[in-house]
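The values are calculated or read from the model by the stated rules, or taken from the named source; none is laboratory data. Source: prediction; values computed, not measured. Glycine also receives a Cβ, built like all others from the backbone with ideal geometry; neighbour counts cover every protein chain displayed.
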Amino acid sequence: MPGLERDATRWGRRTVTASRCPDDRISEKAFSQLVVDLAHLLGWSVYRTWLSVRSPAGFPDLVLAKPGRPLILAELKSERGRLSPAQEQWLAVLRQVPGIAVFVWRPSDWDAIVAVLQGVGDGAAP
């Protein structure tokens, strides 16, 4: 998979090396798949709605769960993508819920995404 490489397991944890998302001009769909692939590689369970036509507008793209880690809700955007008012409203509400880390991730955030999913830092949303 372009952009992701798995190193040897260190201290029982997988580490991923990638200095950047392969291309900052990547589509949101392709970027989403890279994030999902990375999450699976690092042992996260991933939920995403494939067809949101009948779902409430604005709910984040990904829900990531891993035992012992805060639940992550991530809205994924291309570099030029903008949040809709419904997305902004959901993110504002979810950021007030204890135990949930809420992010808006873009391809240029790749290093931070890798760090969060590997458990580096406190996982707090920027």
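Key figures for this structure:
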item: Residue under evaluation residue 52, criteria (1) farther than 21 Å from residue 108 by Cβ; (2) at pLDDT below 90; (3) surrounded by 11 or more Cβ atoms within 10 Å (Cβ to Cβ); (4) within 16 Å of the chain's Cα centre (by Cα), criterion not met; result: (4)
item: Every pair of residues 6+ apart whose Cβ atoms lie under 6 Å, when the first sits in the stretch 40-54 and is within 15 Å of residue 65 (Cα to Cα) while the second is at pLDDT 80 or above and in a helix (DSSP H, G or I); result: 42/117; 46/36; 46/39
item: Residue that is farthest from residue 37 (Cα to Cα) [pool: residues in the stretch 54-99 that are charged (D, E, K, R) and touching a helix residue (DSSP H, G or I) at 6+ places or on another chain (Cβ under 7 Å)]; result: 79
item: Failed item in (1) at pLDDT 85 or above; (2) surrounded by 15 or more Cβ atoms within 10 Å (Cβ to Cβ), with residue 22 passing the rest; result: (1)
item: Of the criteria (1) within 16 Å of residue 26 (Cβ to Cβ); (2) surrounded by fewer than 14 Cβ atoms within 10 Å (Cβ to Cβ), which one residue 98 fails; result: (1)
